[in-house]
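Participant: Take a look at this one; I'll ask things after.
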């Protein structure tokens, strides 16, 4: 657990908290470390959750398969990101998505009640963590609204252009890499992979973009 303290220090949840203080708070927050092999499920649809999770190693996909096996990628979780907070309220119900390890991964589980309730020891930085939790949830809501913007587009081309435009702005350059392969990008945008690939080729032929694997340039 201690080797992940430098990673936790760089997370939004522990922003402004020193490594020594984080180490002291791990026991207070009843932190538990779990590791997962590539392809293993961290969480499954239908489970109850009363923890907030932080990825400290690897990469995860939050995804959902329908009755016929069609997959939609809701979001990707990178090192340092928090997830699971949407289901910890008493009335939240069970998980509606799966969380899958795309690489060998390490996840720390935190007791949400310990986070939102200042402990008897009155940790000096505990209130800062509560504030960071609020800001982190706000940021995740912003990202969901951003994805809804992609999904509201009517055509595959419009979805691609909206997503690639946002990525260019996020990287502050016209050339950038995306965190998805072709199938994952199709699942993320909820479009057919073949139709998406055809549209990408048309956009390239029309001089809108160039690409190689997951690297794109907007022209």
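Only the coordinates and a few stated rules stand behind these numbers; no lab work does. This one's a predicted model, so the numbers in the text were calculated from it and none came from an experiment. Note that we place each Cβ from the backbone using ideal geometry, even for glycine, and neighbour counts take in every protein chain shown.
Participant: So the label point goes 7 Å from the Cα of residue 33 along Cα→C-beta, right? Which residues of the range 47-86 then have their backbone N under 17 Å from it?
Facilitator: 53-59, 79-81
Participant: Starting from 0.36 nm per residue, how many nanometres of slack lie between residue 24 and residue 202 once their C-alpha separation is accounted for? It would help to have the intermediate numbers written out before the result.
Facilitator: Working: separation 178, 0.36 × 178 = 64.08 nm, distance 5.58 nm.
Residue separation times 0.36 nm, minus the Cα-Cα distance, leaves 58.5 nm.
Participant: Once the Cα atoms of helix 156-171 and of the chain are each reduced to a long axis, what angle between those two axes, in degrees from 0 to 90 to the nearest 10, is obtained?
Facilitator: 50
Participant: Using a Förster radius of 30 Å, what is the FRET efficiency between residue 12 and residue 50 based on their Cβ-Cβ separation? Nearest 0.05, please. Spell out each step's value before the answer.
Facilitator: On the way: r = 21 Å, r/R0 = 0.70.
After rounding to 0.05, the efficiency reads 0.90.
Participant: Can you tell me the orientation of helix 19-28 relative to the chain, as the angle in degrees between its alpha-carbon axis and the longest Cα principal axis, to the nearest 10?
Facilitator: Helix 19-28 sits at roughly 70 degrees to that axis.
Participant: Let me ask another. To the nearest 0.05, how large is the calculated FRET efficiency for residue 3 and residue 193 if R₀ is 30 Å and r is the Cβ-Cβ distance? List each step's numbers first, then the result.
Facilitator: On the way: r = 39 Å, r/R0 = 1.29.
Efficiency at R0 = 30 Å is approximately 0.20.
Participant: Another one. Helix 126-151: angle to the longest alpha-carbon principal axis of the chain, degrees 0 to 90, nearest 10?
Facilitator: The angle comes out near 20 degrees.
Participant: Place a label point 7 angstrom from the Cα of residue 174 along the Cα-to-Cβ direction, then list the residues of the range 182-210 whose backbone nitrogen is under 14 Å away.
Facilitator: Inside the label zone: 207-210.
Participant: Taking the Cα-to-Cβ direction at residue 113 and at residue 65 and moving 7 Å from each Cα, how far apart do the two end points lie in nm?
Facilitator: Placing both labels 7 Å beyond Cα along the Cβ direction yields 3.4 nm.
Participant: Continuing with this model, one more query. Expressed as a whole number of Å, what is the distance separating the alpha-carbon centroids of the range 24-94 and the range 184-219?
Facilitator: Value for the Cα centre distance between the two parts: 29 Å.
Participant: What does the extension gain come out to for residue 146 and residue 217, with contour length at 0.36 nm per residue minus their alpha carbon separation?
Facilitator: Numbers: separation 71, 0.36 × 71 = 25.56 nm, distance 2.08 nm.
So the extension gain works out to 23.5 nm.
Participant: While we're looking at this one, here's another question. For the pair residue 40/residue 210, report the inter-label distance in nm, with labels modelled 7 Å from Cα in the Cβ direction.
Facilitator: So the two model labels end up 4.3 nm from each other.
Participant: Considering Cα pairs under 8 angstrom that are at least six residues apart, work out the relative contact order of the chain and quote it in whole percent. Walk me through the intermediate numbers first.
Facilitator: Numbers: 345 pairs, mean separation 45.2, N = 219.
Averaging sequence separation for qualifying contacts and normalising by length gives 21 percent for the chain.
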